[in-house]
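Scroll down for the structure; my scribbles are underneath it.
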Amino acid sequence: MNFSNKSVLITGASSGIGQATAIELAGKNARVMLAARREARLEALKADIAAKGGEAELCVTDVTDPIQCKTAAERTIAAFGKIDVLFNNAGIMPLSYLAKGHIDEWHRMIDVNMKGVLNGIAAVLPHFLERDEGHIINVSSVAGHVVFPGSAVYSATKFAVCAISDGLRMELHPGSRIRVTVISPGAVSTELADCITDPDVLRNWKKIPVTPMRAESIAAAVAYAMDQPPEVDVSEIVVRPVSQGL
(Lines give C-alpha, C1' and ligand atoms only; values in the text may rest on other atoms or scores of the structure.)
Protein backbone atom coordinates (compact mmCIF):
# COMPACT_ATOMS: atom_id res chain seq x y z
CA MET A 1 0.00 0.00 0.00
CA ASN A 2 1.21 3.46 -0.91
CA PHE A 3 -1.13 6.35 -0.15
CA SER A 4 1.21 9.11 -1.30
CA ASN A 5 -1.63 10.65 -3.32
CA LYS A 6 -4.09 10.58 -0.43
CA SER A 7 -4.96 13.17 2.19
CA VAL A 8 -7.01 11.97 5.15
CA LEU A 9 -8.98 13.87 7.78
CA ILE A 10 -9.15 11.81 10.99
CA THR A 11 -11.48 12.70 13.86
CA GLY A 12 -10.80 11.37 17.33
CA ALA A 13 -7.14 11.29 16.37
CA SER A 14 -5.69 11.94 19.81
CA SER A 15 -5.86 8.35 21.07
CA GLY A 16 -6.92 4.77 20.40
CA ILE A 17 -8.12 3.84 16.93
CA GLY A 18 -7.73 7.37 15.57
CA GLN A 19 -4.12 7.64 16.71
CA ALA A 20 -3.25 4.16 15.44
CA THR A 21 -4.85 4.90 12.07
CA ALA A 22 -2.98 8.19 11.72
CA ILE A 23 0.32 6.40 12.34
CA GLU A 24 -0.63 3.55 9.98
CA LEU A 25 -1.65 5.79 7.09
CA ALA A 26 1.18 8.28 7.53
CA GLY A 27 3.55 5.33 7.45
CA LYS A 28 2.12 4.51 4.04
CA ASN A 29 2.78 8.08 2.86
CA ALA A 30 -0.71 9.52 3.32
CA ARG A 31 -0.92 13.12 4.51
CA VAL A 32 -3.06 13.21 7.63
CA MET A 33 -5.00 15.96 9.36
CA LEU A 34 -5.32 15.14 13.06
CA ALA A 35 -8.61 16.38 14.51
CA ALA A 36 -9.61 16.00 18.18
CA ARG A 37 -10.13 18.12 21.29
CA ARG A 38 -6.86 17.43 23.13
CA GLU A 39 -4.28 19.72 21.55
CA ALA A 40 -1.28 18.47 23.54
CA ARG A 41 -1.88 14.91 22.40
CA LEU A 42 -2.31 16.03 18.80
CA GLU A 43 0.97 17.94 18.97
CA ALA A 44 2.75 14.86 20.35
CA LEU A 45 1.26 12.64 17.64
CA LYS A 46 2.19 15.11 14.91
CA ALA A 47 5.77 15.19 16.20
CA ASP A 48 5.90 11.39 16.33
CA ILE A 49 4.68 11.09 12.74
CA ALA A 50 7.15 13.74 11.57
CA ALA A 51 10.01 11.95 13.33
CA LYS A 52 9.17 8.84 11.33
CA GLY A 53 9.21 10.77 8.05
CA GLY A 54 5.45 11.23 7.75
CA GLU A 55 3.37 14.33 7.07
CA ALA A 56 0.70 15.50 9.50
CA GLU A 57 -1.09 18.67 10.51
CA LEU A 58 -3.55 19.22 13.31
CA CYS A 59 -6.78 21.05 13.97
CA VAL A 60 -8.31 21.15 17.45
CA THR A 61 -11.87 20.00 16.81
CA ASP A 62 -14.98 19.18 18.82
CA VAL A 63 -17.07 17.09 16.41
CA THR A 64 -20.30 18.13 18.14
CA ASP A 65 -19.77 21.60 16.66
CA PRO A 66 -20.51 21.69 12.90
CA ILE A 67 -18.50 24.90 12.49
CA GLN A 68 -15.40 23.29 13.98
CA CYS A 69 -15.84 20.28 11.68
CA LYS A 70 -16.12 22.59 8.68
CA THR A 71 -12.98 24.41 9.81
CA ALA A 72 -11.11 21.08 10.05
CA ALA A 73 -12.13 20.27 6.48
CA GLU A 74 -11.11 23.70 5.24
CA ARG A 75 -7.72 23.44 6.95
CA THR A 76 -7.17 20.02 5.40
CA ILE A 77 -7.83 21.42 1.93
CA ALA A 78 -5.60 24.43 2.64
CA ALA A 79 -2.77 22.21 3.89
CA PHE A 80 -2.96 19.37 1.37
CA GLY A 81 -4.96 20.75 -1.57
CA LYS A 82 -7.83 18.30 -1.17
CA ILE A 83 -9.48 15.73 1.08
CA ASP A 84 -9.55 12.17 -0.21
CA VAL A 85 -10.77 10.36 2.90
CA LEU A 86 -12.73 11.30 5.99
CA PHE A 87 -12.20 8.83 8.83
CA ASN A 88 -15.20 9.63 11.04
CA ASN A 89 -13.85 7.98 14.15
CA ALA A 90 -14.62 10.15 17.19
CA GLY A 91 -16.87 8.41 19.70
CA ILE A 92 -17.62 7.82 23.37
CA MET A 93 -19.10 4.85 25.25
CA PRO A 94 -20.45 5.66 28.73
CA LEU A 95 -22.52 2.49 29.00
CA SER A 96 -25.25 2.47 31.64
CA TYR A 97 -28.48 0.74 32.54
CA LEU A 98 -31.46 2.81 31.45
CA ALA A 99 -33.01 2.64 34.92
CA LYS A 100 -30.02 4.60 36.27
CA GLY A 101 -31.20 7.62 34.28
CA HIS A 102 -27.81 8.89 33.09
CA ILE A 103 -29.55 11.36 30.80
CA ASP A 104 -26.59 13.70 30.34
CA GLU A 105 -24.46 10.76 29.17
CA TRP A 106 -27.18 9.64 26.76
CA HIS A 107 -27.30 13.09 25.21
CA ARG A 108 -23.51 13.31 25.02
CA MET A 109 -23.35 9.98 23.16
CA ILE A 110 -25.98 11.19 20.70
CA ASP A 111 -24.06 14.43 20.20
CA VAL A 112 -20.68 12.79 19.61
CA ASN A 113 -21.51 9.42 18.05
CA MET A 114 -24.42 10.48 15.83
CA LYS A 115 -24.30 14.23 15.33
CA GLY A 116 -20.50 14.13 15.15
CA VAL A 117 -20.69 11.69 12.23
CA LEU A 118 -23.27 13.88 10.49
CA ASN A 119 -21.17 17.00 11.10
CA GLY A 120 -18.15 15.29 9.56
CA ILE A 121 -20.15 14.23 6.52
CA ALA A 122 -21.58 17.73 6.12
CA ALA A 123 -18.08 19.20 6.28
CA VAL A 124 -16.59 17.09 3.46
CA LEU A 125 -19.50 16.12 1.23
CA PRO A 126 -19.68 19.36 -0.80
CA HIS A 127 -15.96 18.97 -1.58
CA PHE A 128 -16.45 15.34 -2.56
CA LEU A 129 -19.48 16.12 -4.71
CA GLU A 130 -17.60 18.89 -6.50
CA ARG A 131 -14.79 16.48 -7.33
CA ASP A 132 -17.10 13.44 -7.73
CA GLU A 133 -14.53 11.57 -5.68
CA GLY A 134 -13.84 10.78 -2.05
CA HIS A 135 -14.20 8.18 0.66
CA ILE A 136 -16.14 8.45 3.92
CA ILE A 137 -15.23 5.81 6.50
CA ASN A 138 -17.55 5.81 9.51
CA VAL A 139 -16.89 3.92 12.74
CA SER A 140 -19.84 1.95 14.07
CA SER A 141 -19.37 -1.04 16.41
CA VAL A 142 -20.32 -4.64 16.94
CA ALA A 143 -22.78 -2.95 19.33
CA GLY A 144 -24.29 -1.40 16.21
CA HIS A 145 -25.44 -4.91 15.27
CA VAL A 146 -26.17 -6.54 18.64
CA VAL A 147 -27.62 -4.89 21.76
CA PHE A 148 -26.55 -6.06 25.21
CA PRO A 149 -27.54 -4.96 28.75
CA GLY A 150 -26.21 -1.48 29.38
CA SER A 151 -25.65 -0.68 25.69
CA ALA A 152 -29.13 0.52 24.71
CA VAL A 153 -28.23 4.15 23.98
CA TYR A 154 -24.70 3.42 22.78
CA SER A 155 -26.02 0.72 20.44
CA ALA A 156 -28.70 3.10 19.19
CA THR A 157 -26.03 5.61 18.19
CA LYS A 158 -23.99 2.93 16.45
CA PHE A 159 -27.02 1.44 14.65
CA ALA A 160 -27.62 5.02 13.50
CA VAL A 161 -24.11 5.22 12.03
CA CYS A 162 -24.91 2.16 9.90
CA ALA A 163 -28.24 3.66 8.82
CA ILE A 164 -26.69 7.02 7.96
CA SER A 165 -23.95 5.30 5.96
CA ASP A 166 -26.39 3.12 4.04
CA GLY A 167 -28.62 6.09 3.33
CA LEU A 168 -25.71 8.18 2.05
CA ARG A 169 -24.49 5.34 -0.15
CA MET A 170 -27.96 4.93 -1.66
CA GLU A 171 -28.30 8.65 -2.32
CA LEU A 172 -24.93 8.81 -4.09
CA HIS A 173 -25.34 5.81 -6.40
CA PRO A 174 -25.57 4.89 -9.23
CA GLY A 175 -22.66 6.47 -11.02
CA SER A 176 -20.99 8.22 -8.08
CA ARG A 177 -17.28 7.75 -7.42
CA ILE A 178 -17.74 8.60 -3.73
CA ARG A 179 -17.29 5.56 -1.51
CA VAL A 180 -18.86 4.93 1.91
CA THR A 181 -17.49 2.33 4.32
CA VAL A 182 -18.52 1.33 7.84
CA ILE A 183 -15.95 -0.19 10.19
CA SER A 184 -17.57 -2.08 13.08
CA PRO A 185 -14.98 -3.00 15.72
CA GLY A 186 -15.49 -5.44 18.53
CA ALA A 187 -13.59 -5.02 21.78
CA VAL A 188 -10.47 -2.90 21.29
CA SER A 189 -7.87 -1.92 23.86
CA THR A 190 -8.52 1.84 23.99
CA GLU A 191 -9.70 4.50 26.44
CA LEU A 192 -13.32 3.97 25.34
CA ALA A 193 -14.43 2.17 28.50
CA ASP A 194 -12.79 4.77 30.75
CA CYS A 195 -15.87 6.99 30.55
CA ILE A 196 -18.23 4.36 32.03
CA THR A 197 -19.54 5.81 35.31
CA ASP A 198 -22.23 3.21 36.09
CA PRO A 199 -20.49 0.95 38.66
CA ASP A 200 -22.73 -2.04 37.92
CA VAL A 201 -22.03 -1.91 34.20
CA LEU A 202 -18.32 -1.37 34.84
CA ARG A 203 -18.20 -4.35 37.19
CA ASN A 204 -19.89 -6.60 34.62
CA TRP A 205 -17.76 -5.17 31.81
CA LYS A 206 -14.59 -6.23 33.57
CA LYS A 207 -15.92 -9.79 33.90
CA ILE A 208 -16.37 -10.29 30.15
CA PRO A 209 -13.93 -13.03 29.05
CA VAL A 210 -12.68 -11.25 25.95
CA THR A 211 -9.11 -10.38 25.05
CA PRO A 212 -9.42 -7.04 23.24
CA MET A 213 -7.70 -6.31 19.96
CA ARG A 214 -5.00 -3.73 19.49
CA ALA A 215 -6.13 -0.49 17.86
CA GLU A 216 -3.68 -1.24 15.05
CA SER A 217 -5.98 -4.05 13.90
CA ILE A 218 -8.70 -1.51 13.11
CA ALA A 219 -6.17 0.80 11.45
CA ALA A 220 -5.26 -2.08 9.13
CA ALA A 221 -8.94 -2.49 8.23
CA VAL A 222 -9.15 1.21 7.35
CA ALA A 223 -6.08 0.90 5.13
CA TYR A 224 -7.60 -2.18 3.44
CA ALA A 225 -10.82 -0.31 2.61
CA MET A 226 -8.83 2.64 1.25
CA ASP A 227 -6.57 0.42 -0.86
CA GLN A 228 -9.30 -1.06 -3.04
CA PRO A 229 -9.56 -0.10 -6.72
CA PRO A 230 -11.66 3.04 -7.28
CA GLU A 231 -14.58 1.02 -8.65
CA VAL A 232 -14.74 -1.08 -5.44
CA ASP A 233 -16.63 0.12 -2.37
CA VAL A 234 -16.11 -1.99 0.74
CA SER A 235 -19.47 -1.31 2.37
CA GLU A 236 -18.71 -2.74 5.79
CA ILE A 237 -15.99 -4.49 7.74
CA VAL A 238 -16.73 -6.15 11.08
CA VAL A 239 -13.54 -6.81 13.06
CA ARG A 240 -13.82 -8.61 16.39
CA PRO A 241 -11.48 -10.56 18.65
CA VAL A 242 -11.53 -14.33 18.15
CA SER A 243 -12.69 -14.61 21.78
CA GLN A 244 -15.70 -12.35 21.19
CA GLY A 245 -18.60 -14.38 19.83
CA LEU A 246 -20.96 -11.41 19.37
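The residue that is farthest from Glu231 (Cα to Cα), among those in the stretch 181-195 that are surrounded by fewer than 21 Cβ atoms within 10 Å (Cβ to Cβ) and not acidic (Asp, Glu), is Cys195. Examine the stretch 5-26 for a residue that is over 21 Å from Ile183 (Cβ atoms), assigned to a helix (DSSP H, G or I), of a type in the set (Asp, Glu) and touching a residue at least 12 places away in the same chain (Cβ under 8 Å), and state whether such a residue exists. The answer is no; no qualifying residue exists.
Among the residues of the stretch 28-35, is there at least one that is surrounded by fewer than 19 Cβ atoms within 10 Å (Cβ to Cβ) and either closer than 23 Å to Ala193 by Cβ or modelled with pLDDT of 95 or more (or both)?
To start, the set of residues in the stretch 28-35 that are surrounded by fewer than 19 Cβ atoms within 10 Å (Cβ to Cβ) comprises 28-29.
Within this subset, residues satisfying the condition of being either closer than 23 Å to Ala193 by Cβ or modelled with pLDDT of 95 or more (or both) are 28-29.
Taking every residue of the stretch 28-35 in turn, at least one turns out to be surrounded by fewer than 19 Cβ atoms within 10 Å (Cβ to Cβ) and either closer than 23 Å to Ala193 by Cβ or modelled with pLDDT of 95 or more (or both).
Mind listing whichever residues of the stretch 162-188 are of a type in the set (Val, Ile, Thr) and either in a helix (DSSP H, G or I) or touching a Leu at 6+ places or on another chain (Cβ under 9 Å) (or both)? Quick ask: steps written out before the conclusion?
Keep residues of the stretch 162-188 that are of a type in the set (Val, Ile, Thr), which gives 164, 178, 180-183, 188.
Listed by number, the residues that qualify are Ile164, Ile178, Val180.
Taking each residue of the stretch 135-161 that is assigned to a strand (DSSP E or B) and looking for partners that are of a type in the set (Gly, Ala, Ser) with beta-carbon atoms closer than 7 Å, six or more apart or interchain, yields Ile137/Ala225; Asn138/Ser165; Val139/Gly91. Under 9 Å by Cβ, and 6 or more places apart or on different chains, what pairs join a residue from the stretch 99-118 that is in contact (Cβ under 8 Å) with a residue 60 or more places away in the chain and within 30 Å of Val85 (Cβ to Cβ) with one that is among the hydrophobic types (A, V, I, L, M, F, W, C) and buried (at least 16 other Cβ atoms within 10 Å of the Cβ)? Pairs that qualify, where the first residue is in contact (Cβ under 8 Å) with a residue 60 or more places away in the chain and within 30 Å of Val85 (Cβ to Cβ) and the partner is among the hydrophobic types (A, V, I, L, M, F, W, C) and buried (at least 16 other Cβ atoms within 10 Å of the Cβ), are Gly116/Val63; Gly116/Cys69; Gly116/Ala90. If the condition is being closer than 30 Å to Ser176 by Cβ and in contact with a Leu (Cβ under 8 Å, 6 or more places away or on another chain), then the stretch 91-122 contributes Gly91, Gly120, Ile121. For the stretch 189-214, a residue qualifies if it is among the small types (Gly, Ala, Ser) and not in a loop (DSSP other than H, G, I, E, B), and exactly one does: Ala193. Among the residues in the stretch 157-180, are any at positive phi and surrounded by fewer than 14 Cβ atoms within 10 Å (Cβ to Cβ)? Scanning the stretch 157-180 turns up at least one residue that is at positive phi and surrounded by fewer than 14 Cβ atoms within 10 Å (Cβ to Cβ). The set of residues in the stretch 215-246 being over 23 Å from His173 (Cα atoms), of a type in the set (D, E, K, R) and not in a loop (DSSP other than H, G, I, E, B) consists of Glu216 alone.
The values are calculated or read from the model by the stated rules, or taken from the named source; none is laboratory data. Since the structure is predicted, the reported quantities are computational estimates derived from the model, not experimental observations. Methodologically, a virtual Cβ is constructed for each residue, glycine included, from the backbone with ideal geometry; neighbour enumeration extends over all protein chains shown.
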